[in-house]
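All remarks here apply to the structure that follows.
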Amino acid sequence: MYNRTVLDNGIRVISEEIGHVRSVSIGVWVRCGSRNESLKTNGTAHFIEHMLFKGTESRTAFDIASAIDSVGGLMNAATGKELTSFYVKIPDYHLALAIDLLADILKNSQFDTAEIGKETTVVLQEINMVEDSPDDYIHDFFDAIFWGGHPLGRSVLGTKEAVEGFNREVLFSFFNARYRGENLVLTAAGNLKHDVLVELVRHAFGSLAQGAVKDETTAPVVSSKEAVLEKDLDQVHMLIGALAPSARSSKRFPCFLMNAVLGGSMSSRLFQEIREKRGLVYAIHSYLIPYTDTGMLGIYAGTSEDKVSDVIGLVLETLKGLCNDLLTEKELTSARELVKGNFLLGMESTDNRMMKLARDEIYLKRYVPPEEVIAHIDAVGVEDIRLLSCEVFNPDTISLAAIGRISEKDCRLKLYL
């Protein structure tokens, strides 16, 4: 059962009661991420996420970690381009503990200067770790060239220069502006009662300041680009990407199916043609990243330097095939069943249900029942997918980035398009 309540300070409390489980998954979602940062403050949202686990007025960092561990629960957090989330999963009889802990770290974190200094070193190590992992770093490298100077092109972790310049004043200023009532959504799914949840949240979060920061970012303008980072690696890691529907677009449903056919599984066209049939890669897949007002479809592949041209050519040939030819009914049915099956199996998890409640509220501003999602997927036809493919795989907006022993002349998209 879905329920929604808005507190006096603007916090939206949304729950789904699932009576046959013994867990509750709770998430606090803050509308802030790297998209809301400047070049100078890039990485602030992620750094603050770390700092909220470093101690409050009444709890040490150890107290925060052990509070959930001691009851067999899980606690984590994540920062993205548009959202920061704090997540707890606990046995249903410890709901009050989870709400109290989440409220404590969001309201009473100390931002101790000594802890900021230590965490600066930790985050710099995290940046180094990503930069030393080309299959990870290729995504940041691609984003920077694909989105250009738009904030979506900035790394969630930030730059080393920006992170080294953080101090308590910078962090607290960003925190106080963003961590306010109307900017927060609390979602919960599991064995709970909504009225009990609301009273716990009202008591714990009621004193949080109301208000919200106006989002002043605009939709990005994208053009075709290529970029190469030459490094002495055994493999070339490359990413080809294009604009895709936003999280709010009705075209997201045909895009789910298009992605499934393209590279979303081991039976997909890219995997079967480039890995299974030709043996040119070990890893190849496609994925979707939707944002509020835009989205990106990416294709990652890792191959040897002498196979780069073959892989790029085959990827783009596969994209053209989706534009020029209709899917077979067998492919359409398989894609539908894959997407529906993944969705329905995911809905058996309180974690996924909690996250869906948040995405529905933040991006769609309403609850979308699972039955409605399934109906939209079933309504997608082969011509819907073909038309969307032509829109997405526009030569004027497709970009390519590569890391490895490779030069820019080997990555000229116009040679293949």
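Any idea which of (1) in contact with an Asp or Glu (Cβ under 7 Å, 6 or more places away or on another chain); (2) β-branched (Val, Ile, Thr); (3) farther than 18 Å from Val339 by Cα is the one Thr294 doesn't satisfy?
(1)
From the list Ala188, Ala204, pick out the single residue that is over 27 Å from the mean Cα position of the chain (by Cα), surrounded by 14 or more Cβ atoms within 10 Å (Cβ to Cβ) and modelled with pLDDT of 95 or more. Before the answer, list the steps.
On the way: Ala188 fails: over 27 Å from the mean Cα position of the chain (by Cα).
Residue meeting the stated conditions: Ala204.
Residue under question is Arg4, and the condition is that it be of a type in the set (D, E, K, R) and part of a strand (DSSP E or B); does it hold? Write out each step before concluding.
Details: of a type in the set (D, E, K, R): yes; part of a strand (DSSP E or B): yes.
Against the criterion (of a type in the set (D, E, K, R) and part of a strand (DSSP E or B)), Arg4 qualifies.
Listed here are the residues, each with its yes/no results for (1) touching a helix residue (DSSP H, G or I) at 6+ places or on another chain (Cβ under 9 Å); (2) without any contact (Cβ under 8 Å) to a residue 12 or more places away in the chain.
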{"position": "Arg336", "(1), (2)": "yes, no"}
{"position": "Gly346", "(1), (2)": "yes, yes"}
{"position": "Thr350", "(1), (2)": "no, no"}
{"position": "Arg359", "(1), (2)": "no, no"}
{"position": "Tyr363", "(1), (2)": "no, no"}
{"position": "Ala379", "(1), (2)": "yes, no"}
{"position": "Ile385", "(1), (2)": "yes, no"}
{"position": "Ala402", "(1), (2)": "yes, no"}
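Would you mind telling me which numbered condition in (1) under 30 Å from Ile406 (Cβ atoms); (2) among the small types (Gly, Ala, Ser); (3) over 20 Å from the mean Cα position of the chain (by Cα) Gly158 fails?
If we test Gly158 against (1) under 30 Å from Ile406 (Cβ atoms); (2) among the small types (Gly, Ala, Ser); (3) over 20 Å from the mean Cα position of the chain (by Cα), just (3) comes out false.
Determine which member of the set Tyr87, Tyr93 is of a type in the set (Ser, Thr, Tyr) and either in the same structural domain as Asn352 (by TED's automatic domain parsing) or surrounded by fewer than 20 Cβ atoms within 10 Å (Cβ to Cβ) (or both).
Working: Tyr87 fails: either in the same structural domain as Asn352 (by TED's automatic domain parsing) or surrounded by fewer than 20 Cβ atoms within 10 Å (Cβ to Cβ) (or both).
So the residue among Tyr87, Tyr93 that is of a type in the set (Ser, Thr, Tyr) and either in the same structural domain as Asn352 (by TED's automatic domain parsing) or surrounded by fewer than 20 Cβ atoms within 10 Å (Cβ to Cβ) (or both) is Tyr93.
For the stretch 324-334, what are the residues that are touching a helix residue (DSSP H, G or I) at 6+ places or on another chain (Cβ under 9 Å), exposed (fewer than 14 other Cβ atoms within 10 Å of the Cβ) and within 15 Å of Ser268 (Cβ to Cβ)? Working first, answer last.
Taking the stretch 324-334 as the starting set, the residues that turn out to be touching a helix residue (DSSP H, G or I) at 6+ places or on another chain (Cβ under 9 Å) are 324-329, 331-332, 334.
With exposed (fewer than 14 other Cβ atoms within 10 Å of the Cβ) added as a condition, the list becomes 324-326, 328-329.
Within the stretch 324-334, Thr328 is the sole residue that qualifies.
What's the number of the only condition in (1) under 30 Å from Glu16 (Cβ atoms); (2) of a type in the set (Ser, Thr, Tyr); (3) surrounded by fewer than 20 Cβ atoms within 10 Å (Cβ to Cβ) that Thr350 fails to meet?
Going through (1) under 30 Å from Glu16 (Cβ atoms); (2) of a type in the set (Ser, Thr, Tyr); (3) surrounded by fewer than 20 Cβ atoms within 10 Å (Cβ to Cβ) one by one, Thr350 breaks only (3).
If we keep just the residues of the stretch 10-61 that are in a loop (DSSP other than H, G, I, E, B) and among the aliphatic types (A, V, I, L, M), which is farthest from Glu182 (Cα to Cα)?
Step one: of the stretch 10-61, the residues in a loop (DSSP other than H, G, I, E, B) are 10-11, 18-22, 31-33, 37-43, 52-55, 57-60.
Imposing the further condition that a residue be among the aliphatic types (A, V, I, L, M) reduces the set to 11, 18, 21, 39, 52.
Numbers: Ile11: 5, Ile18: 27, Val21: 31, Leu39: 26, Leu52: 19 Å.
Filtering first and then ranking leaves Val21.
The values are calculated or read from the model by the stated rules, or taken from the named source; none is laboratory data. What you see is a predicted model, and the numbers here were worked out from it, not measured in a lab. When we count neighbours, we look across all protein chains shown, and the Cβ atoms used for this are built from the backbone with ideal geometry, even at glycine.
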